[in-house]
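Asker: Once you've had a glance at the structure underneath, I'll fire off some questions.
Nothing in this text is a laboratory measurement; each read-out follows from the coordinates by a stated rule. Quantities reported herein were computed from a predicted structural model and do not represent experimental measurements. Using ideal geometry, Cβ is built from the backbone for each residue, glycine included, and neighbour counts are taken over all protein chains shown.
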Amino acid sequence: MKILALEKEVRLSQPADTQPYLAEEAARVYELYQAGVVREIYFNAAAHTAVLILECADADEARLALDSLPLVRAGLSTFEVIPLVPYPGFGRLFRAGSPKTPIPPGGSR
């Protein structure tokens with residue numbers, strides 16, 4: 001199952017609070033990446049918080065992986081875990097009475 005994980009700062013921290021954990025944090029994320037748990041990782045440009053895509057059996061497994069991160073263990077961050085499912089809407093395009101092929105933006109059939 002694909003999981004979206006959005007980092008939430010538990011408390012306002014100064015760079016000096018997180019600095020001792022950053023190398024270990026990067027190493028742990030890399031281990032999870034190598035294990036196929038973390039598939040993608042980004043930063044929210046506005047908040048400078050992590051945004052991860054994980055591949056796990058379920059949300060509980062994702063939480064266990066995220067709880068292994070040093071910043072989470074130190075109480076400096078937590079994650080909102082959002083299980084994702086495939087978008088079912090494309091099926092509407094191919095029901096009886098619907099166009100056989102989607103119309104491209106600005107195009108015609």
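Asker: Nothing charged except the Cβ atoms of Lys and Arg (+1) and of Asp and Glu (-1): what's the magnitude of the dipole of the chain about its Cα centre? Round to the nearest 20 debye.
Answerer: Numbers: 11 positive and 13 negative charges, 179 e Å.
Here the chain has a charge dipole of around 860 debye.
Asker: Further, regarding this structure: Counting Lys +1, Arg +1, Asp -1, Glu -1, what net charge surrounds Glu61 among other residues with beta carbon under 15 Å of its beta carbon?
Answerer: For residues surrounding Glu61, the net value is -1.
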